[in-house]
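Notes for the one structure printed next.
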Amino acid sequence: MTDFVSSGRMADLVLAVLAVEAVVLVLLHRYGGRGPGLRRVLPFLVAGALFALALRAALVGAAWPWIAGPLTAAGVAHLVELARAAGRGEP
């Protein structure tokens with residue numbers, strides 16, 4: 001288990017789960033008319049993926065810019081998500 005985490009494969013698993021989640025959301029929305037569309041959840045999924053990339057970089061001992069870059073981009077994605085929610089009048 002230590003090797004699974006320290007090698008970054010755990011972050012790869014998180015990225016794979018996020019990709020599957022995006023596909024399921026698109027299919028549910030397109031063919032079932034249920035759930036939010038991809039456009040609505042895209043900033044959330046992008047932020048999660050960027051956090052996972054930053055985690056992977058940290059776990060494998062990458063230089064700090066490879067950690068700080070995705071973290072900064074994830075923060076921007078969250079700001080986009082918050083701005084969209086505020087525009088819709090959501091709390």
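So for segment 39-53 (the condition being at pLDDT below 90, in a helix (DSSP H, G or I), exposed (fewer than 15 other Cβ atoms within 10 Å of the Cβ) and over 10 Å from the mean Cα position of the chain (by Cα)), does at least one residue qualify? Checked segment 39-53: at least one residue is at pLDDT below 90, in a helix (DSSP H, G or I), exposed (fewer than 15 other Cβ atoms within 10 Å of the Cβ) and over 10 Å from the mean Cα position of the chain (by Cα). Do the conditions hold for LEU59, that is, is it surrounded by 12 or more Cβ atoms within 10 Å (Cβ to Cβ) and in contact (Cβ under 8 Å) with a residue 24 or more places away in the chain? Answer is yes for this residue. When LEU18, LEU28 are checked against the criterion of being touching a Lys or Arg at 6+ places or on another chain (Cβ under 6 Å) and free of Cβ contacts under 8 Å to residues at least 40 places away in the same chain, LEU28 stands alone in meeting it.
The values are calculated or read from the model by the stated rules, or taken from the named source; none is laboratory data. Keep in mind the model is a prediction, meaning the values are calculated, not measured. Cβ: placed from backbone, ideal geometry, glycine included. Neighbour counts: every protein chain shown.
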